[in-house]
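The values are calculated or read from the model by the stated rules, or taken from the named source; none is laboratory data. Since the structure is predicted, the reported quantities are computational estimates derived from the model, not experimental observations. For neighbour counting, all protein chains shown are included, and Cβ atoms are generated from backbone atoms with ideal geometry for every residue, glycine included.
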Amino acid sequence: MAVKMIVQSKPEPKHPVAVKGTREGLVFLLDEHCAYEDLYRCLTDLLTGESAGLFNGPQVAVSVDYGDRALTPEQARALLGVFLARENFVVREWGGHTAARKALYGQRPSARAQNQFIHKGTVRAGQDLYFDGDVVVVGDVNPGGQVSAAGDIYVFGRLRGIAHAGIHGDERAIIAAAEFAPTQVRIASVVGWAPESAGERMSTFMEFAYLTADGMAVDKMQYAAVLRQAGPGTADGPGSAGASAGEGG
Amino acid sequence: MGTAVVITSGKGGVGKTTSTANIGTALALLGKRVCLVDTDIGLRNLDVVMGLENRIIYDIVDVASGECRLEQALIRDKRFDHLAVLPASQTKDKSALDPDRVRDMVVQLKQQFDFVFIDCPAGIEHGFRVAVAGADEAIVVTTPETASVRDADRVIGLLEASHLKSPKLIINRIRPKMVKQGDMLDIDEVVQVLAIDLLGVIPDEETVIKNNIKGEPIVMNPDSRAAMAYRHIARRILGDSVPLMVLDEEPGLWSRVKRLIGGRR
Ligand SMILES: Nc1ncnc2c1ncn2[C@@H]1O[C@H](COP(=O)(O)OP(=O)(O)OP(=O)(O)O)[C@@H](O)[C@H]1O
Ligand SMILES: [Mg+2]
């Protein structure tokens, strides 16, 4: 008997924190409409709660975008503090209309509408997690387990099972994992397998698969390059000053 | 009111029956009232491992069908009278049991025993659902092999989706030499994949097989390391914190094991 976890059939309330991965690093999109308390709770839950360990690893550039929300100085300090408290997060951008968000939406106009489903825990053998949007797994996807998404798939853990992003044909969808050792990955209708070297614990924060004109490519998040770019003068953000010392990959 | 624990695995032949018999006997040795329930219809062997085969008159299917009372089917162990076995039937059809009937029996048994261990058949079909129905807790047995771990993972998913939210893990038939040579998964890898609490690790030992054939659970054997591992598991079930045994002199393994336990207790 197959355990189907079709989360689409019971739509979750939109999670106040969406995480996106790009080649440059992580982008956190904070919901602009929900109550501030809910936002803060979800954020601390994600980054300092049980799942916090999964964000450990080499340094990664982080952009935080809170949209049109009007934050009081105290609220801004509290939210930003959650990110700054993480040693390996180099906050590169902080603001309401960050370049990261623009880059994301410029690339994929549909991304704005894309809902995100966050699954906490292991996706086990025989389980099939499907969502009509992005899927974030805060945990491992074990061999024999499967994650399918209309949008992107992010695994903050080990991807060892099957991941199928862009299941309705979105060729711009990506599959990212802290430890990238899938049995099989599929983006839209293109099938790929794990790279030869897969399975070793991250020399980069995340690896991810995306489609190019020539087929599927697997790349590392380029945190080092980003650190060099990110000067203290970054628009309205605190820049990477202080946090970027000691890059040690 | 006692606690009912189902012992399950997904894959066959990994040591469910051996573990049921030995954990049960170990708890009986510690003075607990224990009943072992065999739900593996058609492949009865818990009674053989317990050495009670020749005393069966009625079995669990007879109880389910009203042929006899529950009390009549219980076989008291010849060593301790606070240890009993409810045997399975070798001849009757697998579909003879249904989850509700077995749940009723388990509830009844919990009134007179501190622990009821339910030996589950392999697989995840009807027999699995029957065995799991009356349980309050679950123990998943795996060997350190890929196929067995995969099936355990599957079963854990099913348990977590049911009322048994935090199953515990036993890794059986560990052979330190093979682990060292990389021919077997090590404890760390198994625990990492399955991501549940580790209850114990049982070494692979020829005497286990010999004792099973003799019908004398290995826990009675003072020199066996497998026996010691099972006695430790019994104490952990009672809430004692007993560190994992050193299965091998190699320091690497031990320190990893310690770290693992330390992180989870
Ligand atoms: N630690 C061990 N060392 C050596 N042999 C073992 C060990 N544990 C179990 N065995 C042997 O493995 C075989 C299978 O064990 P057992 O019958 O307990 O498994 P099971 O999971 O109940 O099997 P089934 O799925 O058929 O019910 C038996 O021959 C048993 O003696
Ligand atoms: Mg058995």
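Can you pull out the helices (runs of 4 or more DSSP H) entirely within segment B:1-102 that have at least 2 residues that are within 16 Å of ligand 2 (Cβ to nearest atom)? Reasoning before the result, please.
Values: elements: B:16-29, B:46-49, B:60-64, B:70-73.
Output list reads B:16-29, B:46-49.
Go over the candidates B:Ile233, B:Ile156, B:Ile213, B:Ile187 one by one and state the one that is more than 14 Å from every other protein chain (Cβ to nearest Cβ) and modelled with pLDDT of 95 or more.
B:Ile233
Contact list please: Cβ distance under 6 Å, first residue in segment B:38-49 and within 13 Å of B:Ile60 (Cβ to Cβ), second residue more than 9 Å from ligand 1 (Cβ to nearest atom) and among the hydroxyl-bearing types (Ser, Thr, Tyr), pairs at least six apart or on different chains.
B:Ile41/B:Ser89
From the residues in segment A:138-184 that are among the β-branched types (Val, Ile, Thr) and outside any strand (DSSP E or B), which one is surrounded by the fewest Cβ atoms within 10 Å (Cβ to Cβ)?
Ranking the candidates gives A:Thr183 first.
Of everything in segment B:52-74, what is more than 18 Å from B:Ala131 (Cα to Cα) and among the hydroxyl-bearing types (Ser, Thr, Tyr)? Give them in sequence order. Show your work before the answer.
Residues of segment B:52-74 more than 18 Å from B:Ala131 (Cα to Cα): B:52-58, B:66-69, B:71-72.
Listed by number, the list holds a single entry, B:Tyr58.
Which residue, of A:Ser63, A:Ser51, is more than 14 Å from chain B (Cβ to nearest Cβ), surrounded by 15 or more Cβ atoms within 10 Å (Cβ to Cβ) and hydroxyl-bearing (Ser, Thr, Tyr)?
A:Ser63
Working only within segment B:199-246, note down all residues that are basic (Lys, Arg) and surrounded by fewer than 15 Cβ atoms within 10 Å (Cβ to Cβ).
B:Lys210, B:Lys214
Scan B:Leu43, B:Leu36, B:Leu70 and give me the residue that is in contact with a Ser or Thr (Cβ under 7 Å, 6 or more places away or on another chain) and either away from every other protein chain (no Cβ under 14 Å) or surrounded by 21 or more Cβ atoms within 10 Å (Cβ to Cβ) (or both).
It is B:Leu36.
How about segment B:51-77: which of its residues are over 20 Å from B:Gly127 (Cβ atoms) and either in contact with a Gly (Cβ under 9 Å, 6 or more places away or on another chain) or within 16 Å of ligand 1 (Cβ to nearest atom) (or both)?
B:Gly51, B:Leu52, B:Glu53, B:Asp77, listed by residue number.
Could you check segment B:135-157 and list, in sequence order, the residues that are touching a Gly at 6+ places or on another chain (Cβ under 8 Å) and away from ligand 2 (no atom under 16 Å from the Cβ)?
Within segment B:135-157, B:Arg150, B:Asp153, B:Arg154, B:Gly157 qualify.
Looking for whichever is more than 14 Å from chain B (Cβ to nearest Cβ), among the small types (Gly, Ala, Ser), buried (at least 23 other Cβ atoms within 10 Å of the Cβ) and not in a loop (DSSP other than H, G, I, E, B) here; the options are A:Ala78, A:Ala100. Which one fits?
Numbers: A:Ala78 fails: buried (at least 23 other Cβ atoms within 10 Å of the Cβ).
Result of the check over A:Ala78, A:Ala100: A:Ala100.
If A:Pro143 satisfies every condition in (1) at pLDDT below 90; (2) over 23 Å from A:Val27 (Cβ atoms) but one, which is the exception?
Only one criterion is unmet by A:Pro143, namely (1).
Under 6 Å between Cβ atoms, which residue pairs at least 6 apart in sequence (or on different chains) link something in segment B:134-145 that is among the acidic types (Asp, Glu) with a partner that is part of a strand (DSSP E or B)?
B:Asp136/B:Thr3; B:Asp136/B:Ala4; B:Glu137/B:Val5
Applying the selection to segment B:180-208, what residues are near ligand 1 (Cβ under 10 Å from one of its atoms) and free of Cβ contacts under 8 Å to residues at least 40 places away in the same chain?
B:Asp204, B:Glu205, B:Glu206, B:Thr207
Restricting the first residue to segment B:18-32 and requiring it to be in contact (Cβ under 8 Å) with a residue 60 or more places away in the chain and β-branched (Val, Ile, Thr), which pairs with a second residue that is more than 16 Å from ligand 2 (Cβ to nearest atom) and in a loop (DSSP other than H, G, I, E, B) meet a Cβ separation below 7 Å and a spacing of at least six or different chains?
none
If a residue has to be charged (D, E, K, R), under 15 Å from B:Val14 (Cα atoms) and part of a helix (DSSP H, G or I) to count, how many in segment B:116-153 make the cut?
3
Output the residue which, of all residues in segment B:115-143 that are surrounded by fewer than 23 Cβ atoms within 10 Å (Cβ to Cβ) and over 21 Å from B:Leu43 (Cα atoms), is nearest to the other protein chains (Cβ to nearest Cβ).
B:Glu137
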